[in-house]
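Only one structure is covered here, and it is reproduced in the block below.
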Amino acid sequence: MIEAGKIVKRFGDFTALDDVTVEVEAGSLTALLGPSGSGKSTLLRVIAGLERPDAGVVRLDGVDVTSVPPQQRGVGFVFQHYAAFKHMTVWDNVAFGLRIRRRPRAEIKARVAELLDLVQLARLAKRYPAQLSGGQRQRMGLARALAVDPKVLLLDEPFGALDARVRKELRVWLRRLHDETHTTTVIVTHDQEEAMDVADQVVVMNGGRIEQTAPPRELYDHPANEFVMSFVGPVNQLGDAFIRPHDVELLLEPNGSTQEAMVQRLVHLGFEVRVELVRDDGEVLSAQLTREQVEALELQPGQIVYVRPTRQTVFT
Amino acid sequence: MIGRYAVRFAALGYLTALLALPVGYVFWRTFRHGFWPAWHAVTTPEALHALKVTLILAGIAVPANTIFGVLAGLAIVRYRFPGAGVFNAVVDLPLALSPVVVGLALLLLYGRGGWLGGHHVVFALPGMVLATMFVSLPFVVREVVPVLREVGTEQEQAAATLGANAWQTFRRVTWPAIRWAIAYGVVLTTARALGEFGAVSVVSGRLEGQTESLTLYVQDRYQAFDDVGAYAAAVVLALIAVTTLILMTALKPKEETR
C-alpha cells in the first residue's frame with residue numbers, strides 16, 4: 001500500500017505538486033492521469049524517492065520512507081525512455097538488481113530466465129538494447145524492475161514512446177501481468193483511454209492538484225468537475241451543460257425540445273460514425289452514432305437535423 | 001563523384017603538407033646514416049635522463065588530470081553548485097593561455113620572493129610537474145563532459161531504484177559509458193604532457209642532466225649543432241605518442257555496441 005500525504009514539491013517558482021494526497025491500495029493498479037505539467041510524473045518520482053518533496057509524507061506498507069533513498073525503498077521503476085543499460089546485454093540488464101544484492105549465481109540464473117520468459121525475450125537474452133525494438137526494450141525494462149521483487153511497481157509513461165498498436169498490446173499484457181502477480185502498481189499516463197483500460201482506480205491530476213480519484217466507470221459517469229469531464233472523454237458544451245457525443249440523439253423532425261443543426265461532416269471510425277454538426281448560432285458539436293443509425297437516417301453533409309441530448313451534466 | 005574525389009584529395013593533400021611531410025622528414029633525417037648513430041644519440045646519459053624526466057612529468061600529470069577530469073566532469077554535469085559556470089570556463093584557461101605565461105606565473109608564485117617561494121619548486125622537478133599538469137588539465141574534462149551530458153541521468157536513476165549505491169552506479173553504469181571518452185582524453189593529455197615546451201622551459205632553469213625534459217633536450221641538441229641527437233630525441237617523443245594512440249585503438253573493441 002502506498003500513501004502520499006500532503007505532498008508539496010516546487011522547482012524554483014513552479015509548484016509541481018500542491019498539497020497532494022493519494023492512497024493506493026495494496027495489490028491494485030492505479031493510474032495517474034493528467035496533461036503534461038500536471039505533476040503526475042513528479043508524484044511518481046516522489047514515491048520512488050527520485051525526488052525529495054518539500055513537504056509531506058510518503059509511506060510504503062505503513063512505513064514512513066520520506067527520507068529513505070531510492071536504493072532502500074524496494075520499488076521497481078520503469079522509465080518512459082527505457083533507461084536501458086546500453087553497454088549490457090538484455091540478460092545483464094535484467095540481472096542487474098540481483099547482482100547488486102549479491103544473490104547466489106544459480107538463483108540469479110533461474111530468476112532471470114523466468115523473467116525473460118515472462119516478457120517473451122528469452123530468445124534475445126544476448127542482444128544489446130540498441131538491437132531491440134521500443135516495445136522489446138520496455139518489456140526488458142519491466143523485467144529488470146520486477147527482478148528484485150519490488151513492493152510497488154511504478155511506471156512513468158511506459159508506453160509513451162511507442163506506436164499505437166504496440167501501446168495497446170503492451171497495455172493488455174501489463175494488465176494480465178498484474179492480474180497474475182498482484183504487485184501494487186502505479187502507472188503515469190496522459191492517455192485517458194490507456195488509464196481507463198488498464199487501471200482499477202484513476203487519479204486525475206491538473207496543475208499540481210488532484211481533481212478526482214475514482215474507478216474508471218465512475219470517473220466517466222460521474223465526473224467531479226468540468227476538467228475531469230472533458231479530460232476523460234470527448235464532450236460537447238451547450239451553454240452550461242456538458243454532453244457526451246454518444247448522448248446526442250439526432251432526429252429528422254423537430255419535437256419541441258430539439259435544436260436545429262446542420263451536418264458538416266461524417267467521420268467513419270469503423271463501427272462508429274462521428275457526426276460533426278454546426279448549429280445556426282455557429283456552435284459546433286459532435287454526435288457519436290452507430291453505422292446502422294446513420295444509414296437509417298440517411299445522413300448527408302449539408303443536411304438539417306434536430307438535436308436532442310439524452311443525458312447531460314451541469315456543474316454548479 | 002568528381003566532387004567526392006576532390007574533397008578527398010584536398011583533405012589528404014592538406015594532411016600531407018602539414019603533418020606527414022614534416023614528421024616524415026624528421027624520421028628520414030634521423031635514420032639517414034643508419035640506425036646505430038640515432039640509437040647512440042638517444043642512449044647518452046643526458047638523453048636517457050631527459051627521457052626519464054619526461055616520463056616522470058607525464059607519469060604524474062596524466063593520472064592526476066585523469067582523476068581530476070572525471071570528478072570535474074561529474075561535478076559540472078551532475079551537480080548544480082554556485083560558480084559552476086565560472087568553474088567550467090576556468091577549466092579551459094590552460095587552452096587559452098600561452099604556456100610561457102603559465103611558466104612565468106609559476107615562476108612569480110614559487111620563485112624567490114614569490115608568495116609561496118623557497119620550497120625548491122622552481123628550477124626543479126616539482127615546478128616542471130606543476131607546469132605540465134597546468135597545461136594538460138582540460139583534455140579529460142572536455143572529453144568527458146559532452147558524453148556525460150548525452151548519456152543523461154536516467155540510467156543512473158534506474159540503477160538507484162534497483163538498489164545500487166553511488167559507487168556501484170558509477171562503476172557499473174557511468175564508467176562503462178564514459179570510459180572511451182576518458183581514454184581519448186588520456187591520449188590527448190599524454191600528448192600534451194610529453195610535448196610541453198614553453199611552460200616547462202621557463203620554470204625548469206634548463207639544468208642539463210637535471211631539469212631537462214626531452215623537448216628541452218631536443219632544442220639543446222639542436223642549438224649545439226647536434227642534428228642527429230635532436231632528430232633522434234624528437235623521434236622518441238613521436239614514438240611514445242604514437243604508441244599511446246595505438247594502445248588505445250587496440251584496446252578499444254572494434255565495434256562498441258551502443
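Read-outs throughout are calculated quantities, based only on the coordinates presented, and are distinct from any laboratory measurement. Everything quoted here is computed from the prediction, not taken from an experiment. With ideal geometry, Cβ positions are generated from the backbone for all residues, glycine too; neighbour counts draw on all protein chains shown.
Summary table
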read-out	value
Tilt relative to chain B, helix B:214-223 - C-alpha long axis, 0 to 90 degrees, to 10	30 degrees
Nearest-20 debye value, the protein assembly as shown charge dipole, Cβ charges on Lys, Arg, Asp, Glu	3160 debye
Ordering of B:183-191, A:114-122 by packing [mean C-beta count within 10 Å, highest first]	B:183-191, A:114-122
Convex hull projection area averaged over all views, the range A:184-316, Cα basis, nm²	9.6 nm²
Ranking of A:Asp221, A:Asp281 by count of other Cβ atoms within 10 Å, fewest first	A:Asp281, A:Asp221
Kirkwood-type radius of the range A:1-96, with distances r between different C-alpha atoms, in Å	14.6 Å
Cβ-derived FRET efficiency at R0 22 Å, B:Trp115 paired with B:Val90, nearest 0.05	0.70
Theoretical gain in end-to-end length, A:Asn225 to A:Thr15 [0.36 nm per residue, Cα-Cα removed]	73.4 nm
Exposure proxy ranking, count of Cβ atoms within 10 Å, fewest first, for A:Ile304, B:Ile76	A:Ile304, B:Ile76
Semi-axis lengths, Å, the range B:93-196, gyration tensor of Cα atoms, sqrt of 5 times eigenvalues	38, 15, 11
Ranking of A:Arg102, A:Arg308 by count of other Cβ atoms within 10 Å, fewest first	A:Arg102, A:Arg308
Selected from B:Leu106, B:Leu51, B:Leu71 as most flexible by GNM, with chain B as the system and alpha-carbon contacts under 10 Å	B:Leu71
Label-point gap, in nm, between A:Ser133 and A:Glu298 - each point 7 angstrom along Cα→Cβ	4.7 nm
Furthest towards positive pole of dipole, A:Thr189, B:Thr54, A:His87, structure part the protein assembly as shown, Cβ charges	B:Thr54
Descending principal axes extents, chain B, alpha-carbon based, whole Å	66, 65, 31
Area projected by the alpha carbon convex hull of the range B:141-258, averaged over all directions, nm²	10.2 nm²
Inter-probe distance in nm under a simple model that places probes 7 Å from Cα toward Cβ, at A:Arg176 and B:Val7	5.0 nm
Cα point-scatterer Debye curve for the range A:99-157, base-10 log of I(q)/I(0) at q = 0.14, 0.20, 0.27 Å⁻¹	-0.41, -0.82, -1.23
Among the listed pairs A:Lys86/A:Lys126; A:Lys40/A:Lys151; B:Lys52/B:Lys252, those beyond 23 Å (Cα-Cα)	B:Lys52/B:Lys252
Estimated [θ] at 222 nm from DSSP helical runs (n ≥ 4, -39500 (n - 2.57)) normalised by residues in chain A, nearest 500	-8500 deg cm²/dmol
Qualifying GluC sites (Glu not before Pro) in the range B:119-204, DSSP loop, other Cβ atoms within 10 Å at most 15	none
Whole-angstrom gap from the range A:177-224 to the range B:184-258, using each part's C-alpha centre	65 Å
For chain A: relative contact order, % (alpha-carbon pairs under 8 angstrom, 6 or more apart)	18 percent
Other protein chain Cβ atoms within 10 Å, averaged over every residue that makes up B:167-178	2
Prolate/oblate/rounded call for the range B:1-143, Cα gyration tensor, a/c under 1.5 rounded	oblate
Volume in Å³ per residue [convex hull over Cα atoms, computed for the protein assembly as shown]	264 Å³
Principal-axis tilt of helix A:134-146 within chain A, Cα atoms, nearest 10 degrees	50 degrees
Chain A, Rg to Rh (Cα coordinates; Rh as Kirkwood inverse mean 1/r)	1.07
Gain upon complete extension [B:His40, B:Leu108; 0.36 nm per residue less C-alpha separation]	20.6 nm
Spin-label model distance (nm) - A:Arg59 vs A:Val267, 7 Å beyond Cα toward Cβ	4.6 nm
Rounded to 10°, Cα long-axis angle of helix B:45-78 versus longest principal axis of chain B	20 degrees
Size of the range A:232-274 as Cα extents on the principal axes (Å, biggest first)	33, 26, 16
